[in-house]
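Enquirer: One structure follows; several queries about it will come next.
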Amino acid sequence: MPYPYQIKTYDQYKQAYQKSVEDPEAFWADIAEHFYWRKKPSGKILNWNFKEPKIEWFKGAKLNITENCLDRHLEKNGNTPAIIWEPNDPDEKPRIISYKKLHEHVCRFAHVLKNNGVQKGDRVCIYMGMIPELAIAILACARIGAIHSVVFGGFSAQSISDRLMDAQATFIITCDGAYRGAKDIPLKNVIDDALIGNKTVKRVIVCTRTRIPVSMIKGRDVWWEEEMKRVEEQGLNFIEAEEMDAEDPLFILYTSGSTGKPKGVVHTSGGYMVYTNYSFVNVFQYQPGQVHFCTADIGWITGHSYIVYGPLSAGATSLMFEGVPTWPDAGRFWNIIDKFKVNILYTAPTAIRSLMGFGTAPLDRKDLSSLQILGTVGEPINEEAWHWYDENVGKKHCPIVDTWWQTENGGILISNLAGVTPAKPSYATLPLPGVQPILVDENGKEVEGNNVSGNLCIKFPWPGMLRTTYGDHERCRTNYFATYENLYFTGDGALRDENGFYRITGRVDDVLNVSGHRIGTAEVENAINMHAGVVESAVVGYPHDIKGQGIYAYVIFKGEGIEESLAKKDILQTVTRVIGAIAKPDKIQFVSGLPKTRSGKIMRRILRKIAEGETQNLGDTSTLLDPGVVDEIKKGKI
């Protein structure tokens with residue numbers, strides 16, 4: 001059996017779960033035995049308290065995650081495809097990169113990084129399109145012990161500048177541009193704008209993709225291809241992996257919070273590796289030789305964990321797609337599945353709902369018989385989309401894993417295991433071994449029993465959880481560990497049915513989940529408020545047929561002589577410049593005032609209800625400074 005820790009029956013799941021709760025250290029020490037360590041975990045496997053918080057797994061054990069993702073597969077599986085890359089343009093030739101070739105590329109680029117001054121512990125910002133070089137850059141950083149911070153290719157120069165400053169990044173890896181559907185994204189130009197006034201970045205390495213003209217600054221900017229050629233000519237096809245402690249940082253990934261400034265979530269080498277691998281092998285029931293297609297962008301945690309580190313550490317074949325599901329037509333996913341005989345498809349409910357809108361015609365004459373397992377990620381999937389996915393894509397013979405987890409979690413926490421544990425439409429169902437969820441009321445009191453709902457917390461650490469927020473540990477404590485004593489608070493609400501299955505009901509804090517991506521309301525408000533004509537704004541979420549949640553902005557606008565439609569376009573442009581197009585409000589309603597208490601607090605609860613179409617049961621408005629403003633907002637609802 002290739003994965004001795006792979007659960008194959010419901011009874012095995014129950015046994016594994018019980019052991020993981022009764023003796024977590026022994027449970028995870030056993031799992032860790034199946035990885036390559038320079039110095040194996042021994043002694044105390046876990047040190048923790050949720051008060052500080054302090055979480056340490058396998059501290060003192062030594063490893064390098066790339067030896068587990070690459071080197072250990074070379075002898076038996078060197079010629080196995082590690083990455084299959086499907087380009088944006090269906091007429092462009094795909095690339096199939098074996099483990100042997102990927103190892104070579106990573107070692108060479110690790111030399112490039114060293115030649116350009118990158119050292120262990122340095123922060124390297126990666127802002128690239130979905131090309132194999134992105135995975136190579138990530139692994140090369142990990143190989144030499146540099147901390148990578150990948151920024152999604154849709155973020156603006158201002159967003160990148162903020163992240164560079166927060167991480168004190170000294171190096172950037174980017175592309176001249178990227179393709180995404182019908183769009184060409186000028187990545188290097190965005191980086192140039194982000195670096196205006198920056199004093200910390202020493203070098204920018206630029207990979208060629210779109211061949212658009214770019215400005216290369218002497219002494220700062222170098223071409224990826226030229227640097228790789230130099231290393232190749234020197235015959236440097238191998239580099240010794242840097243020895244890392246299990247608790248050394250592996251990467252920083254920024255995620256939106258309920259305040260305006262994004263949080264740099266830090267994941268470490270040992271625990272993250274063990275957990276992503278364990279969750280990948282068990283949730284998807286991966287078997288050697290299967291083709292795993294995760295449609296996420298590597299700029300998000302899903303791409304980190306289930307395109308790169310999870311699959312590669314398991315010796316899997318991971319399919320990477322540069323484009324979008326609806327370009328050049330809505331049959332793109334199905335063509336890819338047919339072309340590469342994909343066995344596992346892992347995508348977002350947003351993509352499924354979007355494709356549902358095109359009907360079943362794009363699926364006609366596409367051979368999807370290779371599919372064995374389907375998965376969803378990023379947000380709860382509604383029943384209608386679940387059944388459409390099941391009937392039209394899986395032909396009712398593919399288990400669907402509805403996975404719940406977050407950037408902070410490192411890997412999947414609650415999900416059925418494909419074909420092993422029960423599934424239920426729109427339910428994430430049961431926690432993975434090692435994950436101990438709990439529902440609490442607003443006062444932190446546990447809500448016991450079944451057929452109940454509450455705020456979802458976790459009462460015990462698991463190896464893949466975040467360790468801190470970069471440079472600001474207090475922010476980590478207040479965001480995740482201070483709301484309820486001795487609990488990790490997820491920020492999500494959930495209900496537990498009569499079988500103990502969990503269903504995630506959405507965010508309970510001021511964070512929106514738009515197309516599976518978390519966006520802080522405060523972050524969007526800050527961007528809107530930067531527009532010269534905006535006095536104040538309030539942002540809430542509302543149900544959106546495709547995205548799950550849309551962004552509804554209430555704006556007090558005092559721009560003299562500007563017509564409303566133009567003002568709205570200007571505000572959208574401002575948000576795009578400050579954060580990126582992903583955060584653009586779907587609806588903007590101009591108002592003369594906002595519902596505030598006498599102490600000045602905006603009653604977002606009222607605004608949320610109005611945005612959702614609820615105009616009658618708004619609760620007590622008598623405590624508002626100006627109750628009349630609510631009637632005006634109701635009348636003007638878009």
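The values are calculated or read from the model by the stated rules, or taken from the named source; none is laboratory data. Keep in mind that this is a model prediction, so the values were computed, not measured. We place every Cβ from the backbone using ideal geometry, glycine too, and count neighbours over all the protein chains shown.
Enquirer: In region 31-59, what count of residues is obtained for those that are surrounded by 16 or more Cβ atoms within 10 Å (Cβ to Cβ) and either touching a residue at least 24 places away in the same chain (Cβ under 8 Å) or of a type in the set (S, T, N, Q) (or both)?
Expert: Residues meeting the conditions: 13.
Enquirer: A follow-up question, please. Looking only at strands (runs of 3 or more DSSP E) that lie completely in region 528-638, which have at least 1 residues being of a type in the set (Val, Ile, Thr) and touching a His at 6+ places or on another chain (Cβ under 9 Å)?
Expert: 548-557
Enquirer: Within region 421-434, can you find the residues that are touching a helix residue (DSSP H, G or I) at 6+ places or on another chain (Cβ under 8 Å), under 22 Å from residue 399 (Cα atoms) and crowded, with 19+ Cβ neighbours inside 10 Å?
Expert: Correct list: 421, 430, 431, 432, 433.
Enquirer: Just checking, how many residues over region 254-270 are assigned to a strand (DSSP E or B), among the polar types (S, T, N, Q) and in contact with a helix residue (DSSP H, G or I) (Cβ under 7 Å, 6 or more places away or on another chain)?
Expert: 1
Enquirer: If I go through region 339-363 residue by residue, how many of them are farther than 24 Å from residue 298 by Cβ and in contact (Cβ under 8 Å) with a residue 12 or more places away in the chain?
Expert: The total comes to 6.
Enquirer: Could you check, for region 73-92, whether at least one of its residues is without any contact (Cβ under 8 Å) to a residue 60 or more places away in the chain and among the polar types (S, T, N, Q)?
Expert: yes
Enquirer: Could you figure out which of (1) under 28 Å from residue 235 (Cβ atoms); (2) over 25 Å from the mean Cα position of the chain (by Cα) isn't true of residue 63?
Expert: (2)
Enquirer: A follow-up question, please. If I ask for residues that are of a type in the set (Val, Ile, Thr), buried (at least 17 other Cβ atoms within 10 Å of the Cβ) and over 21 Å from residue 594 (Cα atoms), which ones from region 514-572 would you list?
Expert: Those that are of a type in the set (Val, Ile, Thr), buried (at least 17 other Cβ atoms within 10 Å of the Cβ) and over 21 Å from residue 594 (Cα atoms): 514, 519.
Enquirer: Yes or no: residue 563 modelled with pLDDT under 85 and either on the phi < 0 side of the Ramachandran plot or in contact with a helix residue (DSSP H, G or I) (Cβ under 9 Å, 6 or more places away or on another chain) (or both)?
Expert: yes
Enquirer: Taking the residues in region 465-496 that are farther than 12 Å from residue 439 by Cα and either among the charged types (D, E, K, R) or assigned by TED's automatic domain parsing to the domain that holds residue 540 (or both) as candidates, determine which candidate is surrounded by the most Cβ atoms within 10 Å (Cβ to Cβ).
Expert: Applying the filter and picking the extreme gives 467.
Enquirer: Pairs please, first residue from region 284-298 and not assigned by TED's automatic domain parsing to the domain that holds residue 85, second anywhere and modelled with pLDDT under 95 and surrounded by fewer than 21 Cβ atoms within 10 Å (Cβ to Cβ), Cβ atoms under 8 Å, 6+ apart in sequence or on different chains.
Expert: 287/2; 288/2; 297/152
Enquirer: Go through region 24-112 and tell me which strands (runs of 3 or more DSSP E), entirely inside it, have 3 or more residues that are among the charged types (D, E, K, R).
Expert: Those strands (runs of 3 or more DSSP E) do not exist here; none qualify.
Enquirer: Then there's this: Go through region 353-375 and count every residue that is over 14 Å from residue 337 (Cβ atoms) and in contact with a helix residue (DSSP H, G or I) (Cβ under 6 Å, 6 or more places away or on another chain).
Expert: Adding up the residues that qualify gives 3.
Enquirer: Could I ask something else about it? For region 182-189, indicate whether the set of residues that are closer than 25 Å to residue 114 by Cβ and either in the same structural domain as residue 575 (by TED's automatic domain parsing) or among the β-branched types (Val, Ile, Thr) (or both) is non-empty.
Expert: Checking region 182-189: not a single residue is closer than 25 Å to residue 114 by Cβ and either in the same structural domain as residue 575 (by TED's automatic domain parsing) or among the β-branched types (Val, Ile, Thr) (or both).
Enquirer: What's the total number of residues in region 229-253 that are touching a helix residue (DSSP H, G or I) at 6+ places or on another chain (Cβ under 7 Å) and farther than 24 Å from residue 304 by Cα?
Expert: Looking only at that region, the number is 4.
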